[in-house]
Amino acid sequence: MSDLDRSLQVRAFLESWSGVFLAVLLVLAAVGGWWSYQVHATQDIEREEVVVEQWSESTTYEHSAVITNDSLVFNKSERVRNRPVYYVNLTRELDVTYVYEHTAETGSVNVTTDVRLRYRGVEGDTVLWQYAEPLASGRDKGVTNEDNHTVSTAIEIDSVFETIQTIERQLGAAGTIEIRIVAASSVEGTLAGQSVSETYESTMPMTVNPQTFRVLEVNTVDESGQRTETVEQPVDPGTAEAVGSILLVLLGVGGAAGLLFAQRSGYTTVSPEEREILEIRQQEQEFSEWITRGTFPSERDYEATILVDDLEGLVDVAIDTNKRVIKDEQLGVSSVLDGDFAYLYVRPDSPASDWLVNYADMTMDEFDRFDG
């Protein structure tokens, strides 16, 4: 197929479907415009929880004892602090300080604490009995991060031994006796704009024997809190969305403008003669098994020449006479030669059209001037 025929097919296709193409392009432009508006004008808002303030609450125990008897290791009246072991022969009393504090930059709380000395008989994981005696209590209002809540008490070592002996005398020696200081704090108020209402329990376990008073690992509070706010931030459109929406608008508008220009300039207009040529091409493909390419006779060797109106009719003649259709590509003429008759179909764009129709008595030498 020549470039000319291919161009003609393209123009005919555009002429037939130009309305559909124009509608599709306008829809693309509208969709691209709506998409671009959504991307650029109606910006999405992202909501995020942001921590604006953090704080912590904690409790601690401090313990110490004053040496009451001289020894090679410790001096009398010396205070020893936060030791794992205190010696019964050297001290009579263990001083204990319980502290609650927080780190919130704003707000304050009211703290109430009760401190008890708790005895408990256990056997494995089973609690056999439990007894507690109050040691101290305290209440502070408006505790901020610049101060703390403190409750101090003292444990008389001899009194602890007397209590243990009394319980064993009353109940008998069964299981193991656990001793611990228990501080229960009620915290109420506002920290960093957040309402606080908690109860915390902190313990300091101990073991005693006739020689030592041993402090075990304490169990205290270390809690954290935070205040959050919902922050709204605009979300920038992605590059693909921003560029894609604009390209879609340009494609729709540019394509529609180009198609309208082609229509007005006549590029998509196909003349009746060109449309007939396209139909001939289609028929040549359809009847290709009956058509043979060749050259039109150089002289008029036949008594009668019959002009056929269309190629399909010429193929019918070939079928009826059981002859081949000879197609001259250069002249644009197809013929069926049968005895003394020449059946011809002349394409509208054939350079031999005028000669064959109006000047049939000319020879091919005279026809040369119509070639090309």
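SER137 contributes about 80 Å² of solvent-accessible surface, heavy atoms of the protein only, 1.4 Å probe. Subtracting the Cα-Cα distance of ARG118 and ALA184 from their residue separation scaled by 0.36 nm leaves 22.5 nm. The modelled label-to-label distance between SER56 and GLU229, using points 7 Å beyond Cα along the C-beta direction, is 2.5 nm.
Let's test the formula: R0 of 51 Å, r as the Cβ-Cβ distance of VAL88 and LEU247. What FRET efficiency results, to the nearest 0.05? Efficiency, from the Cβ-Cβ distance: 0.05. Here is the list for segment 133-228: GluC sites (Glu not before Pro) lying in DSSP coil, each with at most 12 other C-beta atoms within 10 angstrom of its C-beta, are GLU146, GLU217. Between GLU198 and THR212, the distance separating the two model label sites (each 7 Å from Cα on the Cα→Cβ line) works out to 3.4 nm. The amide H of VAL88, built 1.01 Å from its N in the peptide plane, has THR212, PHE213 as neighbours under 5 Å, considering only residues 5 or more places off or on other chains. Couplings 3J(HN,Hα) for segment 106-117, derived from phi with the Karplus relation 6.51 cos²θ - 1.76 cosθ + 1.60 (θ = phi - 60°), are 10, x, 8, 9, 9, 10, 10, 10, 10, 10, 10, 9 Hz, where x marks Gly and Pro. Here the 3J(HN,Hα) profile of segment 69-74, calculated from phi with Karplus coefficients 6.51, -1.76 and 1.60 at θ = phi - 60°, is 10, 5, 7, 5, 9, 10 Hz, Gly and Pro shown as x.
Near the amide H of LEU128, within less than 5 Å, lie the amide hydrogens of GLY121, VAL122, GLU123, all on another chain or at least 5 residues away, with H placed in the peptide plane. Phi angles of segment 130-138 translate, via the Karplus equation with coefficients 6.51, -1.76, 1.60 and θ = phi - 60°, into HN-Hα couplings of 8, 9, 9, 10, x, 10, 6, 8, x Hz per residue; Gly and Pro are given as x. Here the Debye sum runs over all C-alpha atoms of segment 45-145 as equal scatterers in vacuum, and log10 of I(q)/I(0) at q = 0.12, 0.14, 0.21, 0.22 Å⁻¹ comes out as -0.71, -0.85, -1.10, -1.13. Compactness of segment 121-246, taken as the C-alpha radius of gyration over 2.2 N^0.38 Å, stands at 1.91. If you take the Cα centroid of segment 69-99 and the Cα centroid of segment 130-177, the two points sit 18 Å apart.
Taking all protein chains together and rolling a 1.4 Å probe, ILE319 ends up with roughly 70 Å² accessible.
Per residue, the average separation of C-alpha pairs within less than 8 Å and at least 6 apart gives segment 51-191 a relative contact order of 28 percent.
Using a simple spin-label model with pseudo-atoms 7 Å out from Cα toward Cβ, TRP129 and THR166 lie 1.2 nm apart. By a 1.4 Å probe calculation restricted to protein chains, ARG92 has an accessible surface near 110 Å², given to the nearest 10.
The values are calculated or read from the model by the stated rules, or taken from the named source; none is laboratory data. Just so you know, these numbers come straight off a predicted model, no measurement behind them. Note that we place each Cβ from the backbone using ideal geometry, even for glycine, and neighbour counts take in every protein chain shown. Surface accessibility is based on the protein's heavy atoms, side chains included, excluding ligands, DNA and RNA. Shrake-Rupley method; radii C 1.70, N 1.55, O 1.52, S 1.80 Å.
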